[in-house]
Amino acid sequence: MTPLKRKEYEAALEPMQVELVALSRWLQHTGHRLLVVFEGRDTAGKGGAIGAISDQLNPRQCHTVALPKPTERESTQWYFQRYVPHLPAAGEIALFDRSWYNRAGVEKVMGFATDAQVKAFLRQAPVFERQLVEDGILLFKYWLCCDQAQQEERFFERLNDPLKRWKLSPVDVEARRRYDDYTRAREAMLKATHTRYAPWTLVDFNDQKRGRLTLIRDLLDRLPDTRIPPPDIHLSPLEGKPLRERYGVLRPLKPFRA
């Protein structure tokens, strides 16, 4: 399948973003809570997918959760504990850029967790997620897939682009050698945590634009009918001519000149 061109992508994305805005209005109206987990290989495109969903939404309602390395204190807590404060409240959307599944992925492959810790996680995660779903949270779990050739291309793009260099970490560099290890870890994770109440969905992200559209369409199609009419707001004509800004104490900066 040929890569999707930007104009085609934007033309397909815009009506979906209109639906996402309607979804956010429906969540506020009903008080439902939406939680979307994004997992996948390094460079797969988690950040871009999250951005495509959140760009047109109210940042007070739609939150991106991308937690850093656990602190010394957090590393001694119940494993799921540091994720719980970031779960959505009524009317909110939480988009997890990686999640508790770090334990079954990078922590397992890189040796940051013991075999016993990983086994315990794979037993406990379905129980934890069942509690979330039974409490009414709408939970969706997506794994973003990409071939190693695509991953390599994106690694070198990050290396050579000063605006993307920050995305390349020592862990990413090590991940290049462990492509098969991540595959085995993912398969073990899916076998243990793909459940009827919290299933996984795999999305091909070799073409990131097409992958974003596929993921968003799937998410929207799996939700209930979210059509809530927007509030009826009417803007009356101004009573006089539009006013210009007036300044007393301070003046704005001079406009930038190229």
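The values are calculated or read from the model by the stated rules, or taken from the named source; none is laboratory data. Quick caveat, the model's predicted, so the values are computed rather than measured. Note that each Cβ is placed from the backbone with ideal geometry, even for glycine, and that neighbours are counted across all protein chains shown. Accessible surface areas use protein heavy atoms only, side chains included; no ligands, DNA or RNA. Shrake-Rupley method; radii C 1.70, N 1.55, O 1.52, S 1.80 Å.
About its Cα centre, how strong a charge dipole does the chain have in debye, to the nearest 20, once Lys and Arg get +1 and Asp and Glu get -1 at the Cβ? Mind showing how you got there, number by number?
Values: 42 positive and 34 negative charges, 139 e Å.
For the chain, the charge dipole is close to 660 debye.
Shape verdict for the stretch 140-183, please, from the Cα gyration tensor: rounded (a/c under 1.5), prolate (a/b greater than b/c) or oblate.
Working: a/c = 1.84, a/b = 1.47, b/c = 1.25.
Because a/c hits 1.5 or more and a/b exceeds b/c, the stretch 140-183 counts as prolate.
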*Return the ratio Rg/(2.2 N^0.38 Å) for the chain, where Rg is computed over Cα atoms only.*
1.19
*For the stretch 82-211, what is the charge dipole size about the Cα centre, in debye to the nearest 20, if Lys and Arg each add +1 at the Cβ and Asp and Glu each add -1 at the Cβ?*
200 debye
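Before I look further, what does the chain give for accessible area per residue, probe 1.4 Å, in whole square angstrom?
Working: 16420 Å² over 258 residues.
On a per-residue basis, the chain sits at 64 Å².
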*Compute the acute angle (0 to 90°) between the alpha-carbon long axis of helix 115-134 and the principal axis of greatest extent of the alpha-carbon atoms of the chain; round to the nearest 10°.*
40 degrees
*More than 14 Å apart: what percent of Cα pairs in the stretch 107-186 qualify?*
74 percent
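Which of rounded, prolate or oblate describes the stretch 1-61 when judged by the alpha-carbon gyration tensor and an a/c cut-off of 1.5?
Oblate, because a/c is 1.5 or more while a/b does not exceed b/c.
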*How large, in percent, is the carbon and sulfur part of the accessible surface of the stretch 192-258 at a probe radius of 1.4 Å?*
56 percent
_Exposure rule at most 11 other beta-carbon atoms within 10 Å, DSSP loop trypsin sites (Lys or Arg not before Pro): the chain longest free segment_ = 74-195
*If exposed chymotrypsin sites (Phe, Trp or Tyr not before Pro) are those in a DSSP loop with at most 11 other Cβ within 10 Å, what is the longest stretch of the chain that has none?*
79-196
*Using a 1.4 Å probe and ignoring any ligands, DNA or RNA, find the accessible area of Glu245 and quote it in Å² to the nearest 10.*
140 Å²
*Based on the alpha-carbon gyration tensor of the stretch 171-233, what equivalent-ellipsoid semi-axes (square roots of 5 times the eigenvalues) come out, in whole Å, largest first?*
34, 18, 10
*Please name whichever of Ala89, Thr114, Ser75 sits farthest to the positive end of the charge dipole of the stretch 38-129, dipole taken about the Cα centre and charges placed at Cβ: Lys and Arg +1, Asp and Glu -1.*
Thr114
*Would you mind listing how long the stretch 125-230 runs along its three principal axes, going by Cα atoms, in whole Å with the largest first?*
45, 38, 21
*Of the cross-linked pairs Lys119/Lys164; Lys164/Lys254; Lys5/Lys164; Lys7/Lys46; Lys167/Lys209; Lys141/Lys167, which ones have a Cα-Cα span greater than 25 Å in the structure shown?*
Lys119/Lys164; Lys164/Lys254
*Express in Å², to the nearest 10, the accessible area of Thr76 obtained by rolling a 1.4 Å probe over the protein heavy atoms while all chains stay in place.*
110 Å²
*Would you work out what percent of the accessible area of the stretch 1-155, with all protein chains in place, is carbon or sulfur (probe 1.4 Å)?*
52 percent
*Part-to-part distance (alpha-carbon centres) for the stretch 49-101 and the stretch 154-168, which is given in Å*: 24 Å
*At 25 °C and 0.890 mPa s, grab the translational diffusion coefficient of the stretch 209-258 from Stokes-Einstein with a Kirkwood Rh over Cα pairs, rounded to a whole number in µm² per second.*
140 µm²/s
*What figure in square angstrom, to the nearest 10, would you give for the accessible area of Ile50 with a 1.4 Å probe?*
10 Å²
